[in-house]
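Novice: To start, I am sharing the structure in question, which I have written as structure tokens.
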Amino acid sequence: MVNLSRCIAQVGCILAICHQASAAPAPRRTVWEVVTVTSCPNNACATTAPCTSTLSPVTKTLTTTECSTSEPVTTTFESTSSSLTSTSTSSRYTAPPSGNPYRDRNFNTIHHIYNLTIFPNQVPIIAFGASAVPDGLFADHASGRISPVGNFTDFEDSIEYFFALPPLPISNKNSAAFTRFELAQFSSECPEIASSTVYLYAEVVNATSPDNGKLVSILKQTGFWRFNERGEVVNYDLALIEVDHFIEELTSTDYNDPAAQQELIHTTCNAQALRCNGKNAQYDSIEHCIESLSAKPFGSYTNVWSDSVVCRSIHIVLTITRPDAHCPHVGPSGGMKCVDYDYKTRQFDDEHLWGRTDLFRCIA
């Protein structure tokens, strides 16, 4: 595989990748020719085998770029086949107690959402956005909080967090991606509310490596969900646990090292030059970007929602799906996302986010 050590832009939950959808001609190397997606119609996931859906042949490709100060090397994901079954699904599917329809429904919805964060199941969503998200998972106006990343206030924001940010094998030094998950804890004592704890296992995905399949790290996410009468997620309040330690293990990088910080700045600035141009341009040049970000706090993965380099390295990833929305977040002002919010606003402003403070209680 191409040397991946340069492309270390990290992302909240967590994808470190520089994207290029259309750029000047550059050497290309197809590393994933067929994309398949596990899909469970009507949330009816089987306990013994993954449900599957088909993707019609398409012509659109997802192209990613290893970013450095030298000539970029691009990688193209092509979705070109149909009627194929993904082998990526949770390795431990623990069914909820039988005889409770809403509990089964809520469990299956959450299970289906996390299954679409597993590589390569998320690739069609990265490439095609909302049109590739199965019906019945998120309501049109879904909104929520993901600590320490930020608030997500609509359907597009929500699907970008869940499906565009999980790591791809080309995105980090270890060629790691989420290959399986475990819905370790689950409770739903009323139709509209559920709580869960999920373990996401990042393993090496590189058929040419002797480490292929080796466990790199595990990310833990816990929190609450709220559903509408159709079983779609309307709201969520979730937290990533010790995400900074997960990032260190995923990338084998110490971001307390000034050299690693500078490398991330250069990677982010090269990526924004490719993705944020024309009306979305944020800096006069790559050098202007580097100068601007070098003057800002580097930040931390325990507090992503800040005027920092770390925050911008996350939002540059999301420019592949919606550059109009996310390029301003990478810019000098932070675009109202990569700005400093105080602790109370980040964690307790439920009234502003949802209009109430008791959203995740079961009403007797």
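Novice: If the requirement is being surrounded by fewer than 17 Cβ atoms within 10 Å (Cβ to Cβ) and touching a helix residue (DSSP H, G or I) at 6+ places or on another chain (Cβ under 8 Å), which of these qualifies: ARG312, ARG361, ARG356?
Specialist: The match here is ARG356.
Novice: Filter the stretch 110-155 for residues that are charged (D, E, K, R) and either surrounded by fewer than 19 Cβ atoms within 10 Å (Cβ to Cβ) or free of Cβ contacts under 8 Å to residues at least 12 places away in the same chain (or both) and give the result.
Specialist: Of everything in the stretch 110-155, those that are charged (D, E, K, R) and either surrounded by fewer than 19 Cβ atoms within 10 Å (Cβ to Cβ) or free of Cβ contacts under 8 Å to residues at least 12 places away in the same chain (or both) turn out to be ASP135, ASP140, ASP154.
Novice: Determine if the stretch 208-223 includes at least one residue that is of a type in the set (A, V, I, L, M, F, W, C), assigned to a helix (DSSP H, G or I) and farther than 29 Å from ASP324 by Cβ.
Specialist: Looking through the stretch 208-223, none of the residues is of a type in the set (A, V, I, L, M, F, W, C), assigned to a helix (DSSP H, G or I) and farther than 29 Å from ASP324 by Cβ.
Novice: Let me ask something additional. So PHE246 passes all but one of these: (1) in a helix (DSSP H, G or I); (2) farther than 30 Å from ARG103 by Cβ; (3) not aliphatic (A, V, I, L, M). Which condition number does it fail?
Specialist: Going through the list (1) in a helix (DSSP H, G or I); (2) farther than 30 Å from ARG103 by Cβ; (3) not aliphatic (A, V, I, L, M), PHE246 breaks only (2).
Novice: Within the stretch 302-352, which residues are farther than 22 Å from GLN272 by Cα and either of a type in the set (A, V, I, L, M, F, W, C) or over 20 Å from the mean Cα position of the chain (by Cα) (or both)?
Specialist: Scanning the stretch 302-352 gives TYR341, ASP342, TYR343, LYS344, THR345, GLN347, PHE348, ASP349, ASP350, GLU351, HIS352.
Novice: Now, a different point. What single numbered condition from (1) of a type in the set (A, V, I, L, M, F, W, C); (2) modelled with pLDDT of 95 or more; (3) touching a Cys at 6+ places or on another chain (Cβ under 7 Å) fails to hold for ALA271?
Specialist: (2)
Novice: As an exercise: evaluate GLY136 against (1) over 13 Å from the mean Cα position of the chain (by Cα); (2) part of a helix (DSSP H, G or I); (3) modelled with pLDDT of 90 or more and give the number of the one condition it does not meet.
Specialist: (2)
Novice: Please determine whether any residue of the stretch 338-357 is touching a Lys or Arg at 6+ places or on another chain (Cβ under 6 Å), modelled with pLDDT of 90 or more and not charged (D, E, K, R).
Specialist: yes
Novice: Residues in the stretch 254-274: is at least one part of a strand (DSSP E or B) and in contact with a strand residue (DSSP E or B) (Cβ under 7 Å, 6 or more places away or on another chain)?
Specialist: Among the residues of the stretch 254-274, not one is part of a strand (DSSP E or B) and in contact with a strand residue (DSSP E or B) (Cβ under 7 Å, 6 or more places away or on another chain), which makes the answer no.
Novice: Moving on. Looking at the stretch 160-190, which of the residues that are in a loop (DSSP other than H, G, I, E, B) and closer than 30 Å to ARG361 by Cα is modelled with the lowest pLDDT?
Specialist: LEU165
Novice: If you don't mind, another one. Scan the stretch 238-249 and tell me whether some residue there is assigned by TED's automatic domain parsing to the domain that holds PHE178 and touching a helix residue (DSSP H, G or I) at 6+ places or on another chain (Cβ under 9 Å).
Specialist: Yes.
Novice: Separate question: Check HIS326 against each of (1) touching a residue at least 12 places away in the same chain (Cβ under 8 Å); (2) touching a Leu at 6+ places or on another chain (Cβ under 9 Å); (3) part of a helix (DSSP H, G or I) and name the one condition it does not meet.
Specialist: Of the numbered conditions (1) touching a residue at least 12 places away in the same chain (Cβ under 8 Å); (2) touching a Leu at 6+ places or on another chain (Cβ under 9 Å); (3) part of a helix (DSSP H, G or I), the odd one out for HIS326 is (1).
The values are calculated or read from the model by the stated rules, or taken from the named source; none is laboratory data. Note that the structure is predicted; figures quoted are calculated from it, not measured. A quick note on method: Cβ atoms are made from the backbone with ideal geometry, for glycine too, and the neighbour counts reach across all protein chains shown.
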